[in-house]
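Each remark here refers to the structure printed beneath this line.
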Amino acid sequence: MNVLLLGSGGRECALAWKINQSESLDNLYIAPGNAGTAALGTNLPFSPLNFDAVAQAIIENNVEMLVVGNEDPLVAGIADYVKSHSALSHVKVVGPSQAGAQLEGSKDFAKAFMMKHGIPTAQYKSVTAENLEEGFAFLEAQKAPYVLKADGLAAGKGVLIIDNLDEAKAELREMLDGKFGKSSATVVIEQFLKGIECSVFVLNDDCGNYALLPVAKDYKRVGEGDTGLNTGGMGSISPVSFADAEFMDKVVTRIIRPTVDGLKADGISYCGFIFFGLINVEGDPYVIEYNVRMGDPETQSVMARVDDDLIALMSRATQPGGFGQSFTVKALPSYAATVIMTAGGYPGSYAKGMEIVGIEGVEGSVVFHAGTKFDDQGRLVTSGGRVLAVTSLGESKDAALAQSYANVARIHFDGSYCRRDIGFDLK
Ligand code: AMP
Ligand code: GLY
């Protein structure tokens, strides 16, 4: 099978690595990819938002399966575009319709969906310039801290957690005034939930069944002890000690099943990954957010543990009738630990073009690329904030982490930074 994967991050490098191991793979294309995916398939230099280029690449390369790694093309409607294009209608698409992608593309839509289908989530109020006073009243009725979320996609920056009521009111006004452009023309105000988070992933078949993937936890803050600014993710661990059988039973019954059934009941076509960003509040799971793709850097740890053929799984999800029944994907019993190496200064401003050396000396870990490229002289250089993900398996969380950190020490680029405490809050 020929597969086209859209995206260019560490998540896509991990998906490409796993797809590349599939028995049924003939050719893998990644658009636009990075220096790491270039070793796993053929990079194609166009943006996933350029749907005509996607169509042309599918036709020229006899692509039979399209895997959409990142949310932007899904929210822009790539799945519907491919299915409605007469020359592409045979292509298996892993990624939801534009309507389904609203679970991530609009927090207001996601909250209304959860309310309608009885899925546990924080209480909320959606506010626009028209009902600002109601927004203030809702804030006044909450206890600190106050949670404000831009409705639309805001590149991971649209969530503010504020300790002071007056500041929260001022921020609400600024957001509605365009702080995040059109994304914050509607703001979702939420009750603050206190607990520990984890990321649950399923591959949904659009026929009422799903495959449950290994659970992971990511570390979003730049500083040790979960301090400092939010980032795209500084590391991940799988499995997650508190996501035990009892907790996962609740997740399946209260969250996954009603989501999958709710999509069907609402006539929303959704064949693809669903990412449930969950918070464990005294043993009970609540949904913090939905994403319509895999997580980054959770995918790196999840794919390291999946003990099944990814193309075979995705083929079964996309075939008529789907999986036939829901099941848990086979996973290695090992722990996986991913440590992200970033450019110095990230998530603030940072330099690009630093030469990366030492990857060939890595032993016993996989190095997934994120912000990397080959420069004009063919040197491997940094081209983004999150540069590399070093992923290892081990018999324990600590063994996996020790392996990743030992290999981080073998890789060099000027200014490189990583958090030293990934997994600190897990057993
Ligand atoms: P989101 O982009 O919705 O995942 O939000 C980013 C981060 O903000 C989450 O990973 C949580 O750590 C935090 N957060 C979002 N909503 C809430 C909430 N209702 N209560 C507590 N923390 C939250
Ligand atoms: N790791 C969180 C995300 O991918 O959104």
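Laboratory data are not the source of any read-out in this text; all were calculated from the coordinates shown. If you're wondering where the values come from, they're calculated on a predicted model, not measured in any experiment. Quick reminder, even Gly has a Cβ in these numbers, built from the backbone with ideal geometry, and neighbours come from all protein chains shown.
Points to keep in mind about this one:
- Of the cross-linked pairs Lys83/Lys264; Lys111/Lys179; Lys116/Lys220; Lys149/Lys194, those separated by over 24 Å at the C-alpha level are Lys116/Lys220.
- Under 5 Å, built H, 5+ apart or other chain: amide partners of Val281: Tyr286
- Cα-based reach from Lys18 at 19 Å (exclusive), listing lysines while leaving out same-chain residues under 8 positions away: Lys92, Lys330
- Annotation: extensible slack from Asn131 through Lys264 equals 44.7 nm (criterion: 0.36 nm per residue apart, minus Cα-Cα distance).
- If R0 equals 41 Å, the separation of the Cβ atoms of Ser84 and Ala144 corresponds to a calculated FRET efficiency of about 0.30.
- Label separation (Asn20 vs Leu426): 2.4 nm, computed from points 7 Å beyond Cα along the C-beta direction.
- Taking the helices alone, the chain has a mean residue ellipticity at 222 nm of -7500 deg cm²/dmol, built from -39,500 (n - 2.57) per DSSP H run of at least 4 residues and averaged over all its residues.
- Whole-Hz ³J(HN,Hα) from phi, Karplus 6.51 cos²θ - 1.76 cosθ + 1.60, for region 297-309, glycine and proline x: x, 5, 4, 4, 6, 5, 5, 5, 9, 5, 10, 8, 7
- Taking the Kirkwood radius as Rh and the Cα radius of gyration as Rg, the chain has a ratio of Rg/Rh equal to 0.95.
- Ordering of 188-199, 161-172, 101-112 by burial proxy (mean other Cβ atoms within 10 Å per residue, highest first): 101-112, 188-199, 161-172
- Rounded to two decimals, the Cα-based Rg/Rh of region 214-330, with Kirkwood Rh, is 0.97.
- Per-residue HN-Hα couplings for region 36-42 [Karplus 6.51, -1.76, 1.60; θ = phi - 60°; Hz; x = Gly/Pro]: x, 5, 4, 8, 10, x, 10
- Close amide H contacts of Asn27 (hydrogens built in the peptide plane, cut-off under 5 Å, sequence separation of 5 or more or a different chain): Asn2, Val3.
- Normalised by the number of residues in the chain, the mean separation of alpha-carbon contacts (under 8 Å, six or more apart) gives a relative contact order of 17 percent.
- Max mean-square fluctuation residue, GNM over the chain, Cα-Cα springs under 10 Å, options Asp80, Asp249, Asp296: Asp249
- Using a Gaussian network model of the chain in which every pair of alpha carbons under 10 angstrom is joined by a spring, one finds that among Asn131, Asn43, Asn280 the greatest mean-square fluctuation is at Asn131.
- In order along region 389-402, phi translates into HN-Hα couplings of 10, 9, 10, 9, 9, x, 6, 9, 4, 5, 5, 5, 5, 4 Hz, rounded to whole numbers, per the Karplus curve 6.51 cos²θ - 1.76 cosθ + 1.60 with θ = phi - 60° and x for Gly and Pro.
- Cα-based equivalent ellipsoid of region 1-109: semi-axis lengths in Å, sorted from largest, via gyration tensor: 21, 16, 12
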